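Asker: Okay, handing you the structure first.
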Amino acid sequence: MRDDCAQRLMAAIRFQLPALEGAFGHFGRSWVIFMLGLLCAGCASRMVYKARALPVEFQPPPVTDVRDVALPQLASDQAPSDVIMPGDLLEVSVLTGLDTKDVGISCRVDDQGNVQVPPIGKVAVGGLRLPDAERAIAQAAIERDVYRRPTVTIKRVQSRTYRITVAGAVAKPGVYNIPAAQADLLTALVQAEGLKNDADPVVEIRRSGFRESVQPTLDSNAENAPGQLTSLTERSAPGESIKVDLRSVGQNNQSLQEYRLQDGDVVFVPLRKLDPIYVDGLVNKPGMYAFPAAEDLRLLDVIALAGGCSNPLADKVWIVRQIRGRSEPVLIRANLRTAAKNPAENLRIAPGDVITVEETFGTFIYNLLKGFVHVGGTVPLN
């Protein structure tokens with residue numbers, strides 16, 4: 001009930017002042033602000049938080065400039081550059097000692113990581129490095145009694161690439177062909193020349209649809225061979241969407257595999273949407289102001305944004321803050337003079353805050369005397 005009372009009174013201060021000033025002039029405006037301020041203070045005296053003692057749950061987090069995020073943490077464990085991937089085009093040469101010249105055979109690695117080498121047949125090479133694949137083909141030829149002592153040479157003619165779309169608040173949106181072994185979120189953002197300063201820190205990876213593909217996975221915990229390729233299968237559900245908070249990368253248990261990209265994926269970086277703030281009361285330029293996307297905004301910054309105080313005696317400020325998950329707003333009390341001396345009082349403003357510089361007895365008397373002086377034709381008080 002007390003919260004509702006204060007909210008209605010603060011709304012009256014915000015929206016009714018222009019009409020009251022038009023009807024009663026400057027004196028009427030000052031009188032109404034003063035009386036509403038007294039009523040608001042009376043009904044809210046037991047629910048107001050002081051700026052320097054505001055509970056942590058009511059304080060907004062510092063604004064993060066996404067350009068300062070440690071993007072290298074988005075890099076997943078990438079396979080070595082000579083690892084064979086599904087879709088790679090290889091040139092395989094098999095010498096038996098009877099050949100007069102080296103003749104290469106073009107072979108495409110299928111989605112299961114196999115390659116068809118005539119006359120040896122199908123050999124699994126996906127996820128193997130080139131020297132290991134050469135030994136695998138030679139061993140298959142011996143085991144199948146095709147050749148006794150073959151010498152196998154493999155050259156990669158063409159690497160498999162993924163078409164990745166990067167859209168939204170990046171410097172250069174577009175479609176990029178990224179080598180499959182290096183296809184992760186970091187590479188995609190680097191290809192798009194980084195994030196804009198108004199980018200939202202929560203990035204979305206939209207999967208193109210269901211697929212089952214061969215994808216090398218490095219096992220960093222292998223006892224005998226750290227970095228050994230241990231898994232080749234990766235699945236994704238139809239239309240799956242993964243959200244990655246760049247501010248918390250490396251601070252949670254989110255698997256780095258979730259940062260890997262697959263053919264046809266879309267990386268979408270939304271614009272950061274922040275509610276505007278409202279400044280009213282004894283300021284020179286009351287109104288609505290956009291909240292900056294990449295910097296903190298504090299109480300004194302807001303007052304300066306609104307042209308400063310219109311009364312030299314103005315000091316007390318109300319901040320009405322809506323907290324997510326809370327039905328009623330939080331009322332915060334601050335003092336401008338104290339804020340100028342004590343950083344704890346110069347509290348951080350949150351998007352959507354309503355800031356009102358209050359009319360007090362002192363500011364009311366000042367405006368009253370100022371009006372009388374103007375009427376008398378003498379020099380104004382300020």
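Asker: Going by what's in this entry, would Leu95 be described as modelled with pLDDT of 90 or more and surrounded by fewer than 21 Cβ atoms within 10 Å (Cβ to Cβ)?
Answerer: no
Asker: Still on this structure, I have one more. If you check Gly121, Gly113, Gly127, which single one turns out to be in contact with a Lys or Arg (Cβ under 7 Å, 6 or more places away or on another chain) and farther than 17 Å from Glu91 by Cβ?
Answerer: After applying the criteria, what remains is Gly121.
Asker: Consider segment 271-307. How many of its residues are assigned to a loop (DSSP other than H, G, I, E, B) and either without any contact (Cβ under 8 Å) to a residue 24 or more places away in the chain or surrounded by 15 or more Cβ atoms within 10 Å (Cβ to Cβ) (or both)?
Answerer: 12
Asker: I'm checking my understanding of the structure. Among residues of segment 98-118 that are under 48 Å from the mean Cα position of the chain (by Cα) and among the polar types (S, T, N, Q), which one is most open to solvent (accessible area, probe 1.4 Å)?
Answerer: Filtering segment 98-118 for residues that are under 48 Å from the mean Cα position of the chain (by Cα) and among the polar types (S, T, N, Q), the one most open to solvent (accessible area, probe 1.4 Å) comes out as Gln112.
Asker: Oh, and also: For segment 309-327, which positions are in a loop (DSSP other than H, G, I, E, B) and open to solvent by 20 Å² or more (accessible area, probe 1.4 Å)?
Answerer: Result: Ser310, Pro312, Leu313, Asp315, Gln322, Ile323, Arg324, Gly325, Arg326, Ser327.
Asker: State yes or no: is Ala171 surrounded by 15 or more Cβ atoms within 10 Å (Cβ to Cβ) and hydrophobic (A, V, I, L, M, F, W, C)?
Answerer: Here the answer is no, as Ala171 does not meet what is asked.
Asker: Test Val175 against the criterion of being touching a strand residue (DSSP E or B) at 6+ places or on another chain (Cβ under 6 Å) and at negative phi, and give yes or no.
Answerer: Considered against the rule, which asks whether it is touching a strand residue (DSSP E or B) at 6+ places or on another chain (Cβ under 6 Å) and at negative phi, Val175 comes out as yes.
Asker: Ok, one more. Is there any pair with a first residue in segment 145-166 that is closer than 30 Å to Leu185 by Cβ and a second that is open to solvent by less than 90 Å² (accessible area, probe 1.4 Å) and among the charged types (D, E, K, R) whose Cβ atoms are under 7 Å apart and which are 6 or more apart or on different chains, and what are they?
Answerer: Final answer for the pair search is Arg156/Asp88; Val157/Glu91; Gln158/Asp88; Ser159/Asp88; Arg160/Asp88; Tyr162/Asp263; Arg163/Asp263; Ile164/Asp265.
Asker: Something else: Can you tell me which residues in segment 119-148 are open to solvent by 70 Å² or more (accessible area, probe 1.4 Å) and outside any helix (DSSP H, G or I)?
Answerer: Result: Pro119, Lys122, Arg129, Arg144, Asp145, Arg148.
Asker: Scan segment 150-159 and give yes if some residue there is over 19 Å from Asp110 (Cα atoms) and not in a strand (DSSP E or B), otherwise no.
Answerer: Yes - at least one qualifying residue is present in segment 150-159.
Asker: Tell me, please, whether a residue that is modelled with pLDDT under 95, under 28 Å from Phe361 (Cβ atoms) and in contact with a Lys or Arg (Cβ under 7 Å, 6 or more places away or on another chain) can be found in segment 291-301.
Answerer: yes
Asker: So, of the residues in segment 70-92 that are surrounded by fewer than 17 Cβ atoms within 10 Å (Cβ to Cβ) and at pLDDT 80 or above, which turns out to be nearest to Arg149 (Cα to Cα)?
Answerer: Among those that are surrounded by fewer than 17 Cβ atoms within 10 Å (Cβ to Cβ) and at pLDDT 80 or above, it is Glu91.
Asker: Further question on the same structure: In segment 328-349, which residues are open to solvent by 50 Å² or more (accessible area, probe 1.4 Å) and more than 20 Å from Glu57 (Cβ to Cβ)?
Answerer: Arg337, Thr338, Ala340, Lys341, Asn342, Pro343, listed by residue number.
Asker: Output the residue which, of all residues in segment 345-359 that are over 11 Å from Leu299 (Cβ atoms) and touching a helix residue (DSSP H, G or I) at 6+ places or on another chain (Cβ under 7 Å), is modelled with the lowest pLDDT.
Answerer: Glu359
The values are calculated or read from the model by the stated rules, or taken from the named source; none is laboratory data. All of these numbers come straight from a predicted model, not from anything done at the bench. Please note: Cβ atoms are built from the backbone with ideal geometry, for glycine as well, and neighbour counts cover all protein chains shown. For the accessible areas, the whole protein counts, side chains as well, though only heavy atoms, and no ligand, DNA or RNA atoms are used. Shrake-Rupley method; radii C 1.70, N 1.55, O 1.52, S 1.80 Å.
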